[in-house]
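Everything on this sheet refers to the single structure shown next.
Here, each number is a calculation from the coordinates, and none is a lab measurement. Quantities reported herein were computed from a predicted structural model and do not represent experimental measurements. Cβ: placed from backbone, ideal geometry, glycine included. Neighbour counts: every protein chain shown.
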Amino acid sequence: MSNKVTKAVFPVAGLGTRFLPATKSVPKEIMTLVDRPLVQYAIDEARAAGITEFIFVTARGKSALEDYFDNMPALEDELRRKGKTDLLETLQATNMESGTIAYIRQHRALGLGHAVWCARRLIGDEPFAVMLPDDVIAAEKPCLAQMVEAYQETGGSMVAAMEVPHDQTSAYGILDVQEDMDALVSVRGMVEKPAEGRAPSNLAVIGRYILNPSVLENLNAMKQGAGGEIQLTDAIAQDIRGPNNVYGYRFRGQRFDCGSKAGFLQATVAFGLARADLRDDLTSFLQEIMIAQAAE
Ligand code: UTP
């Protein structure tokens, strides 16, 4: 089995209930951070890590997401005719080469593990990445590229990891650490959404994974885990056979939980401030409202 990672799975079949009513008609992954949908950030990160095949696990009501990846030759012509080269370049940078993007349906939202399992035939017998577009990671070197580099050294499955406050561990998959080697930790167990006080650490799994195909076999059992869902963390944990088998990787970068309203708003401010064309206006606006709030 080659250890080159060329395929990424994007599970986007969740219901997105935390963003109701918007998600009645707008898939969460199409929601816009400054001027690009969440899914574009994930695609760019995947490309930067050498991914060449993109597999989306979608569901009913997500057709806007599929449309987003169509090329728009008529609009390109129009922008060219008007000399709007900047916009033309922005648009063309999102074009996907034909045949590199595939969609598969998850017919029922049975959990993240089940969503990944739905892509098993497209993945085949090779290591693959999984990316959750609602975890947006701002980093000098994109997170998945950091992980692919580490993975070339270690083999084994790898999950992105980050310390979270102890009182928030029950919202995450949590690592039981065997050995802490700085950026890398070897893992002896993983617990999805541990009950309060039962977390083995405060090192949480974030939505980037590089997985061996054996994880797909574990998912065949369709075992329900936390919340009655078929959990990806359980299938990865089942793969831990020795001390150097599954790793957590502490990535360098800032993660925003854009699956939550507070996280999405924070990301909007942070990404807005990072943009030269928006920084000044946004900074003065933020200063004004902070001063007004303090005076209240
Ligand atoms: P979340 O736990 O954020 O669930 O899923 P959700 O449905 O997207 O959002 P809420 O909690 O209702 O607001 C994490 C990731 O797993 C995918 C989601 O699309 C998201 O990318 N997922 C989850 C699936 O693809 N299928 C599932 O059955 C569950």
So residue 75 and residue 287, fully extended at 0.36 nm per residue minus their Cα-Cα distance, gain in nm 72.5 nm
With T = 4 °C, eta = 1.567 mPa s and Kirkwood Rh from C-alpha pairs, the Stokes-Einstein D of the stretch 169-296 in µm²/s is about 74
Dividing the mean separation of Cα pairs under 8 Å (6+ apart) by the residue count of the chain yields a relative contact order in percent of 22
Given Cβ charges of +1 for Lys and Arg and -1 for Asp and Glu, the option among 64, 5, 185 whose Cα lies farthest towards the positive end of the dipole of the chain is 64
With residue 198 itself left out, Lys, Arg at +1 and Asp, Glu at -1 over residues whose Cβ is under 12 Å from its Cβ give -2
Here the tail fraction of P(r) beyond 19 Å, over all Cα-Cα pairs of the stretch 189-247, rounds in percent to 30
Computed D for the chain, Stokes-Einstein, Kirkwood radius over alpha-carbon pairs, 37 °C, 0.692 mPa s, to the nearest µm² per second, is 162
Given 283-292, 127-136, 8-17, 262-271, the highest-first ranking by average Cβ count within 10 Å works out to 127-136, 8-17, 262-271, 283-292
Taking the chain and counting helices only, DSSP H stretches of n ≥ 4 at -39,500 (n - 2.57) each over all residues, the nearest-500 ellipticity at 222 nm comes to -9500 deg cm²/dmol
Looking only at lysines whose Cα falls under 21 Å of residue 28's and that sit 8 or more positions away or on another chain, we get 62, 261
If one compares the long axis through the Cα atoms of helix 279-295 with the longest principal axis of the Cα atoms of the chain, the angle in degrees, nearest 10, works out at 80
Of all DSSP beta bridges with both partners in the chain, the antiparallel percent, nearest 5, is 60
Semi-axes in Å, largest first, for the stretch 147-220 (Cα gyration tensor, √(5λ)) are 21, 15, 10
The helix 261-273 Cα axis meets the longest alpha-carbon principal axis of the chain at an angle in degrees, between 0 and 90 and rounded to 10, of 50
Here the relative contact order (percent) of the stretch 95-254, from C-alpha pairs under 8 Å and at least 6 apart, is 34
